[in-house]
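These notes concern the structure reproduced below.
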Amino acid sequence: MNRKKKINNALKSKLKKANAKLHKSNKPRYISKAERAAMAEAEALEKDV
């Protein structure tokens, strides 16, 4: 019984990992503070011109 459980757990975890890779997150990409400042500066320069 123990061996069956181990094998099934291994297979289930493989399936979970495969499914997790298929479904992409809806979370937006992380933008660092410095990058946001640079983007804001570029936008401000664009508005002035």
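Miscellaneous remarks
- Stretching the chain fully between residue 30 and residue 15 yields a gain of 2.6 nm (0.36 nm per residue, less the alpha carbon separation).
- Estimated inter-spin distance, residue 48 and residue 3, nm [label 7 Å along Cα→Cβ]: 7.5 nm
- For the chain, the longest principal axis of the alpha carbon atoms and the long axis of helix 33-48 meet at an angle near 40°.
- Helix content alone sets the calculated 222 nm mean residue ellipticity of the chain: runs of n ≥ 4 DSSP H residues at -39500 (n - 2.57) each, divided across all residues, give -25500 deg cm²/dmol.
- Near residue 29: Cβ cut-off under 15 Å, other residues only, Lys/Arg at +1 and Asp/Glu at -1. The net charge is +3.
- Selection from 32, 9, 44 lying farthest towards where the dipole of the chain points positive, charges on Cβ: 9
- Cα-derived Rg over Rh, computed across the chain with Rh taken as Kirkwood radius: 1.53
- For the chain, the set of trypsin sites (Lys or Arg not before Pro) satisfying both a DSSP loop assignment and a count of at most 10 other C-beta atoms within 10 Å is given as 24, 29.
Bear in mind these aren't lab numbers, they're just calculated from the coordinates by the rules spelled out. Just so you know, these numbers come straight off a predicted model, no measurement behind them. No Cβ is skipped: glycine too gets one built from the backbone with ideal geometry, and neighbour counts run over all protein chains shown.
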